[in-house]
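Have a look at the structure below before the remarks.
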Amino acid sequence: MTKLLFCLLFCAATLMAADKTVYDFTLNTIDGQPAPLAAYKGKVVLLVNVASRCGYTPQYTALESIYEKYKGQGFVIVGIPANNFGGQEPGTNAEIKTFCSSKYNVTFPMMAKVSVKGDDTTPLYQFLTDKAANPQTGGEIKWNFTKFLIGPDGHILARFESAVTPDSPQVTSAIEKALASLKS
């Protein structure tokens with residue numbers, strides 16, 4: 001009986017872990033308030049690790065543009081600052097917020113700075129990069145502005161590396177396809 005109970009508990013825990021989504025995680029907003037990602041259930045989400053002093057920083061313009069274009073259709077971008085690559089996001093959350101709003105007029109949600117790589121990786125990015133949990137999209141974050149497209153159910157639909165711009169046909173067609181699923 002004890003072996004059977006152990007097996008049932010182990011199998012239940014394994015199944016629960018296998019069905020984990022990004023909606024199981026909470027970050028803090030750039031203003032320090034808890035932000036459960038479950039608030040985005042039913043929407044198409046683009047998670048992006050961002051930095052203010054990177055060669056890819058001008059992607060903020062394209063991010064804001066596609067956010068404005070699709071936000072009325074159930075799309076949201078979540079900017080997640082990280083200082084893991086060449087010290088390219090050294091500022092405080094307040095400094096990052098000021099930079100994003102004054103230089104790029106960012107209106108999409110911005111989270112507090114986290115680590116996306118290394119021993120102190122935030123749990124969300126541990127999940128996103130876990131090859132066992134996400135064989136198609138897992139793997140270490142290579143640089144700033146890596147993008148994860150999340151479906152309305154919280155599962156990862158696609159990953160786009162830094163050089164793929166947010167307004168590229170590759171990204172916008174994936175967003176439009178995911179948004180079309182909201183209508184059906």
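Since every read-out is calculated from the coordinates, none of them should be taken as a lab result. Quick caveat, the model's predicted, so the values are computed rather than measured. When we count neighbours, we look across all protein chains shown, and the Cβ atoms used for this are built from the backbone with ideal geometry, even at glycine.
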Stretch gain in nm, segment Glu161-Glu95, where the contour uses 0.36 nm per residue and the Cα spacing is subtracted: 21.2 nm
The stretch 49-111 - Debye-derived log10 I(q)/I(0), Cα point model, q = 0.12, 0.27 Å⁻¹: -0.27, -1.21
Relative pair counts by distance (%), Cα atoms of the stretch 84-184, 10 Å bins: 13, 38, 38, 10, 0
Placed amide H near Asn28: partners under 5 Å, 5+ positions off or other chain: Ala35, Ala112
Given the chain, longest segment not containing exposed loop trypsin sites (Lys or Arg not before Pro) (DSSP; at most 11 other Cβ within 10 Å): 1-130
Descending semi-axes in whole angstrom, ellipsoid equivalent of the stretch 20-75, from the Cα gyration tensor: 21, 17, 10
Stretch in the chain that is longest and holds no GluC sites (Glu not before Pro) that DSSP places in a loop and that have at most 12 other beta carbons within 10 Å: 1-139
GNM top mover of Pro135, Pro166, Pro109 - the chain, alpha-carbon springs below 10 Å: Pro135
Positive dipole terminus of the chain, leading residue within Gln88, Tyr23, Ala112 (C-beta point charges): Tyr23
Estimated inter-spin distance, Asp153 and Thr107, nm [label 7 Å along Cα→Cβ]: 3.2
Gain on full stretching of the segment that runs from Gln73 to Thr29 - 0.36 nm per residue minus C-alpha separation: 13.6 nm
Size of electric dipole in the chain: Cβ of Lys, Arg +1 and of Asp, Glu -1, about Cα centre, debye, nearest 20: 240
Distance between the stretch 38-98 and the stretch 115-129 - C-alpha centres, whole angstrom: 17
Spherically averaged projected area of the chain from its Cα convex hull (nm²): 12.0
Residue-by-residue Karplus 3J(HN,Hα) for the stretch 57-74, coefficients 6.51, -1.76, 1.60, Hz, glycine and proline x: 3, x, 4, 3, 4, 5, 4, 5, 5, 6, 4, 4, 5, 10, 4, x, 9, x
